[in-house]
1. Report, by residue number, each residue of the range 19-46 that is exposed (fewer than 10 other Cβ atoms within 10 Å of the Cβ) and either in a strand (DSSP E or B) or touching a strand residue (DSSP E or B) at 6+ places or on another chain (Cβ under 8 Å) (or both).
2. Considering only the range 3-49, state which residues are of a type in the set (S, T, N, Q) and more than 15 Å from residue 90 (Cβ to Cβ).
3. Would you be able to tell me the number of residues in the range 6-18 that are within 13 Å of residue 51 (Cα to Cα) and assigned to a strand (DSSP E or B)?
4. Can we say residue 2 is polar (S, T, N, Q) and not in a loop (DSSP other than H, G, I, E, B)?
5. Considering only the range 19-40, state which residues are of a type in the set (Ser, Thr, Tyr), at pLDDT 95 or above and within 18 Å of residue 54 (Cβ to Cβ).
6. Could you list, in sequence order, the residues of the range 1-17 that are among the charged types (D, E, K, R) and either within 9 Å of residue 67 (Cα to Cα) or surrounded by 10 or more Cβ atoms within 10 Å (Cβ to Cβ) (or both)?
7. Taking the range 48-99 on its own, how many of its residues are surrounded by 10 or more Cβ atoms within 10 Å (Cβ to Cβ), in a strand (DSSP E or B) and not acidic (Asp, Glu)?
8. Within the bounds of the range 56-65, is there any residue that is touching a helix residue (DSSP H, G or I) at 6+ places or on another chain (Cβ under 9 Å), of a type outside the set (Val, Ile, Thr) and modelled with pLDDT under 95?
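The values are calculated or read from the model by the stated rules, or taken from the named source; none is laboratory data. All values reported here derive from a predicted model rather than from experimental measurement. Because the Cβ atoms are built from the backbone with ideal geometry, glycine has one as well, and the counts that use them run over all protein chains shown.
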Amino acid sequence: MQNRLELSGCVLKAPIRKVSPSGISHCQFYLQHASEQIEAGLKRQAWCVIPVIISGTNELIHSIKKGSKILVVGFISTHTKANNIQQIVLHASEIKLID
């Protein structure tokens, strides 16, 4: 089964950085994407905001801040929030800063 998403955009809010009880670093933020895509031969505006989690060691984690333009590659999974609402989250395996 394939589960791979590549998305670029702008970090919407300041990232939240935490360390789990097992010592694993986590960086969480919202990525806002906007682009123009072709669908059925017509131009269409595509827009979304998706939560992103980066876990483990990655030297770029500390460079990410509100307003950073980045490319994220990873997989999506559903997380259940405290209010029992399910949300799709992008778990990043690769990140790149975009100039």
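1. First, the residues of the range 19-46 that are exposed (fewer than 10 other Cβ atoms within 10 Å of the Cβ): 19-23, 36-43, 45.
Within the range 19-46, 19, 20, 36, 37, 38, 39, 42, 43, 45 qualify.
2. 20, 22, 25, 35, 37, 45
3. Residues of the range 6-18 that are within 13 Å of residue 51 (Cα to Cα), as a first pass: 7-16.
Now restrict to residues that are assigned to a strand (DSSP E or B): 7-11, 16.
Summing the residues that are within 13 Å of residue 51 (Cα to Cα) and assigned to a strand (DSSP E or B) in the range 6-18 gives 6.
4. Details: polar (S, T, N, Q): yes; not in a loop (DSSP other than H, G, I, E, B): no.
Considered against the rule, which asks whether it is polar (S, T, N, Q) and not in a loop (DSSP other than H, G, I, E, B), residue 2 comes out as no.
5. 30
6. Within the range 1-17, the first condition is being among the charged types (D, E, K, R), and the residues that meet it are 4, 6, 13, 17.
The answer is 6, 13, 17.
7. 28
8. Checked the range 56-65: no residue is touching a helix residue (DSSP H, G or I) at 6+ places or on another chain (Cβ under 9 Å), of a type outside the set (Val, Ile, Thr) and modelled with pLDDT under 95.
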